[in-house]
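Q: Please find one structure pasted underneath; my questions will follow.
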Amino acid sequence: MAYRKYKSLKEHIKYAARALRRRSYVYKKQGVELTPEAHTLLWQNRRYMISIICKMMAVHFNTEDDSPLMAKWRKGRVVNNMVTRLSLITLCAQKSATLTQLAYICEGAASREKVRLVMAEGIELGLLERVGKDSYMISDSLSEELFNRSIMRLRHPDVIEFSKFCLTVANVEDLILNPAFDREEDHPLSTPITLPNALKEGIYPEAEDDLVEDDEK
């Protein structure tokens, strides 16, 4: 028998409506539209989803690879990690960047002086090259380590597994949000609205009234 948490159909429906309402702000924060179908997919696989994210992050932060100088540069410190990562995003997009540019990008994560110190350490390790008075660019050594590091992460089975899950969810969302045919079209094969979508669209106001009553108790 399937695992059952709810005593009645009404209780299950109320829980589903409340869950959609509660989770909608998380999706909005990410700039993503909440679709009940994709949310159900994530909910049904939440244990698996959390597991593969943890495994992917473990791979991401493993420094025992072919980038020993980068490991020294970051020193396992949160601030160093943030400054180097944010700076590298800019230095991948353009050939060089000034200290002012990098300090602006790292604003909120590190002070200008901290950014300067991290850049100085990068030069000392041979990972960065100075351009002019206060600009920096990626060295050949850093280019090599970044490429090796990226390959080892990109081809790791745990990262691939996580990526496949992300792509599956994205494809499901795309099918839902961009259907080939209008679901409301007058056609024999048109699909009536599902209960989760009806709850999301507020088609049954009595369900919302029940939630308000429960919240007030």
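Q: If you take the residues of segment 46-104 that are touching a helix residue (DSSP H, G or I) at 6+ places or on another chain (Cβ under 7 Å) and of a type in the set (Lys, Arg), which of them is nearest to Met119 (Cα to Cα)? I'd like the intermediate steps shown before the answer.
A: Step one: filter segment 46-104 for residues touching a helix residue (DSSP H, G or I) at 6+ places or on another chain (Cβ under 7 Å), giving 49, 52-53, 55-56, 59-60, 63, 65-67, 69-70, 73-74, 79-81, 83-84, 86-87, 90, 97, 99, 101-103.
Now drop any that are not of a type in the set (Lys, Arg), which leaves 55, 74.
Details: Lys55: 30, Arg74: 11 Å.
Residue satisfying both the conditions and the ranking: Arg74.
Q: Does segment 180-195 contain any residue that is at pLDDT below 75 and either touching a Ser or Thr at 6+ places or on another chain (Cβ under 8 Å) or basic (Lys, Arg) (or both)?
A: Of the residues in segment 180-195, the ones at pLDDT below 75 are none.
No; the residues of segment 180-195 include none that is at pLDDT below 75 and either touching a Ser or Thr at 6+ places or on another chain (Cβ under 8 Å) or basic (Lys, Arg) (or both).
Q: Restricting to segment 161-174, count the residues that are surrounded by 13 or more Cβ atoms within 10 Å (Cβ to Cβ) and either of a type in the set (A, V, I, L, M, F, W, C) or at pLDDT below 90 (or both).
A: Of the residues in that region, 6 qualify.
Q: Quick test of your reading of the structure: Ser141 fulfils all but one of (1) touching a residue at least 12 places away in the same chain (Cβ under 8 Å); (2) under 28 Å from Lys55 (Cβ atoms); (3) not hydrophobic (A, V, I, L, M, F, W, C). Name the failing condition by number.
A: Against the list (1) touching a residue at least 12 places away in the same chain (Cβ under 8 Å); (2) under 28 Å from Lys55 (Cβ atoms); (3) not hydrophobic (A, V, I, L, M, F, W, C), Ser141 comes up short only on (2).
Q: Does any residue of segment 56-63 turn out to be in contact with a His (Cβ under 7 Å, 6 or more places away or on another chain), outside the structural domain of Thr168 (by TED's automatic domain parsing) and under 25 Å from Lys164 (Cβ atoms)? Outline the logic, then answer.
A: Residues of segment 56-63 in contact with a His (Cβ under 7 Å, 6 or more places away or on another chain): 59.
When the remaining residues are screened for being outside the structural domain of Thr168 (by TED's automatic domain parsing), the result is 59.
From the residues that got through so far, the ones that are under 25 Å from Lys164 (Cβ atoms) too are 59.
Yes, segment 56-63 contains at least one residue that is in contact with a His (Cβ under 7 Å, 6 or more places away or on another chain), outside the structural domain of Thr168 (by TED's automatic domain parsing) and under 25 Å from Lys164 (Cβ atoms).
Q: So, Ser139, is that one modelled with pLDDT of 95 or more, touching a Gly at 6+ places or on another chain (Cβ under 7 Å) and not β-branched (Val, Ile, Thr) or not?
A: Working: modelled with pLDDT of 95 or more: yes; touching a Gly at 6+ places or on another chain (Cβ under 7 Å): yes; not β-branched (Val, Ile, Thr): yes.
It is true that Ser139 is modelled with pLDDT of 95 or more, touching a Gly at 6+ places or on another chain (Cβ under 7 Å) and not β-branched (Val, Ile, Thr).
Q: If you don't mind, there's one more thing I want to ask. Among the numbered criteria (1) more than 30 Å from Asn178 (Cα to Cα); (2) in the same structural domain as Asn197 (by TED's automatic domain parsing), which single criterion is violated by Ala103?
A: (2)
Q: Considering each of Leu127, Leu102, Leu146, Leu91 in turn, give the residue that is farther than 30 Å from Asn45 by Cβ, touching a strand residue (DSSP E or B) at 6+ places or on another chain (Cβ under 7 Å), buried (at least 17 other Cβ atoms within 10 Å of the Cβ) and in contact (Cβ under 8 Å) with a residue 12 or more places away in the chain.
A: Details: Leu127 fails: touching a strand residue (DSSP E or B) at 6+ places or on another chain (Cβ under 7 Å); Leu102 fails: touching a strand residue (DSSP E or B) at 6+ places or on another chain (Cβ under 7 Å); Leu146 fails: touching a strand residue (DSSP E or B) at 6+ places or on another chain (Cβ under 7 Å).
When all the criteria are applied, what remains is Leu91.
Q: Name the pairs whose Cβ atoms lie under 9 Å apart, with the first residue in segment 192-204 and without any contact (Cβ under 8 Å) to a residue 60 or more places away in the chain and part of a helix (DSSP H, G or I), the second surrounded by 14 or more Cβ atoms within 10 Å (Cβ to Cβ) and hydroxyl-bearing (Ser, Thr, Tyr), and 6 or more positions between them or separate chains?
A: From segment 192-204, the pairs are Ala198/Tyr204.
Q: Assess whether Ile176 counts as being in contact with a helix residue (DSSP H, G or I) (Cβ under 6 Å, 6 or more places away or on another chain), aliphatic (A, V, I, L, M) and not in a strand (DSSP E or B). Reasoning before the result, please.
A: Working: in contact with a helix residue (DSSP H, G or I) (Cβ under 6 Å, 6 or more places away or on another chain): yes; aliphatic (A, V, I, L, M): yes; not in a strand (DSSP E or B): yes.
In short, yes.
Q: Here is a further query. Going by the conditions given, is Ala109 in contact (Cβ under 8 Å) with a residue 12 or more places away in the chain and either under 20 Å from the mean Cα position of the chain (by Cα) or surrounded by 13 or more Cβ atoms within 10 Å (Cβ to Cβ) (or both)? Don't jump to the end; show me each part of the working.
A: Values: in contact (Cβ under 8 Å) with a residue 12 or more places away in the chain: yes; either under 20 Å from the mean Cα position of the chain (by Cα) or surrounded by 13 or more Cβ atoms within 10 Å (Cβ to Cβ) (or both): yes.
Yes, satisfied.
Q: Could you grab me the full set of residues in segment 174-193 that are closer than 21 Å to Ser24 by Cβ and in contact with an Asp or Glu (Cβ under 8 Å, 6 or more places away or on another chain)?
A: Of everything in segment 174-193, those that are closer than 21 Å to Ser24 by Cβ and in contact with an Asp or Glu (Cβ under 8 Å, 6 or more places away or on another chain) turn out to be Ile176, Leu177, Ile193.
Q: Ala19 - would you say it is out of contact with any Cys (no Cβ under 8 Å at 6 or more places or on another chain), over 19 Å from Leu154 (Cα atoms), surrounded by 15 or more Cβ atoms within 10 Å (Cβ to Cβ) and without any contact (Cβ under 8 Å) to a residue 60 or more places away in the chain?
A: Values: out of contact with any Cys (no Cβ under 8 Å at 6 or more places or on another chain): yes; over 19 Å from Leu154 (Cα atoms): yes; surrounded by 15 or more Cβ atoms within 10 Å (Cβ to Cβ): yes; without any contact (Cβ under 8 Å) to a residue 60 or more places away in the chain: yes.
Against the criterion (out of contact with any Cys (no Cβ under 8 Å at 6 or more places or on another chain), over 19 Å from Leu154 (Cα atoms), surrounded by 15 or more Cβ atoms within 10 Å (Cβ to Cβ) and without any contact (Cβ under 8 Å) to a residue 60 or more places away in the chain), Ala19 qualifies.
The values are calculated or read from the model by the stated rules, or taken from the named source; none is laboratory data. Remember, it's a predicted structure, so these values are computed and weren't measured experimentally. Cβ atoms come from the backbone with ideal geometry, glycine included; neighbour counts cover every protein chain shown.
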